[in-house]
Amino acid sequence: MRISEWMKEVVCLVRLELYNRGLACGAQAIRRRLTEAYAIIPAPSASAIERILAAEGLTHGRTGWYEGEEGRR
């Protein structure tokens, strides 16, 4: 199933929300937040969330792609 651009943006915003609050911000935590706080059902799978985060450079405590990096879109 294809993930909509809207859902990709929501996943990124929730990831940054959790990160900025100092909370766990991995795929499972994001999925839980989407369902419990935002009532998004069905939420994307953890693996889909992981792919979104990787594509946006939001892994390993990062907040996105940095100036001059190759992965940046």
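Helix 27-36 sits at what angle to the longest principal axis of the chain, using alpha carbons and giving 0 to 90 degrees rounded to 10?
40
Per q in 0.20, 0.26, 0.27 Å⁻¹, report the Debye log10 I(q)/I(0) for the chain, using one uniform scatterer on each alpha carbon and no solvent.
Each listed q maps to, in turn, -0.79, -1.27, -1.35.
Using only alpha carbon pairs under 8 Å that are at least six residues apart, calculate the relative contact order of the chain and give it in whole percent.
Details: 57 pairs, mean separation 18.6, N = 73.
Relative contact order for the chain comes out at 26 percent.
Find out how many positive minus negative residues lie around Gln28, taking Lys and Arg as positive, Asp and Glu as negative, among other residues whose Cβ is under 14 Å from that of Gln28.
On the way: positive: Arg15, Arg31, Arg32, Arg33; negative: Glu36, Glu50.
Summing Lys/Arg as +1 and Asp/Glu as -1 gives +2.
Solvent-accessible area per residue for the stretch 1-43 at a 1.4 Å probe radius, Å²? List each step's numbers first, then the result.
Details: 3000 Å² over 43 residues.
Heavy-atom accessible area per residue stands at 70 Å².
Could you check how much of the accessible area of the chain is carbon and sulfur, as a whole percent, using a 1.4 Å probe? Write out the running numbers ahead of the final one.
Working: 2630 of 5000 Å².
Carbon-and-sulfur percentage of accessible area, whole number: 53.
Charges at C-beta only: +1 for Lys and Arg, -1 for Asp and Glu. How large is the resulting dipole of the chain about its Cα centre, in Debye rounded to 20? Before the final figure, lay out the partial values.
Working: 11 positive and 9 negative charges, 44 e Å.
So the magnitude is around 220 debye.
Run the helix sum for the chain: -39,500 (n - 2.57) per DSSP H stretch of 4+ residues, divided by residue count, reported at 222 nm to the nearest 500 deg cm²/dmol.
Numbers: 3 runs with 36 residues, N = 73.
Value at 222 nm, helices only: -15500 deg cm²/dmol.
Give me the extension gain from Leu13 to Trp65: residue separation times 0.36 nm, minus the current Cα-Cα distance, reported in nm with one decimal.
On the way: separation 52, 0.36 × 52 = 18.72 nm, distance 1.48 nm.
Taking 0.36 nm per residue and subtracting the Cα distance, the gain is 17.2 nm.
The values are calculated or read from the model by the stated rules, or taken from the named source; none is laboratory data. Computed from a prediction, not measured in an experiment: that's the story for all the values here. For neighbour counting, all protein chains shown are included, and Cβ atoms are generated from backbone atoms with ideal geometry for every residue, glycine included. What goes into the accessible areas is simple: the full protein's heavy atoms, side chains included, and nothing from ligands, DNA or RNA. Shrake-Rupley method; radii C 1.70, N 1.55, O 1.52, S 1.80 Å.
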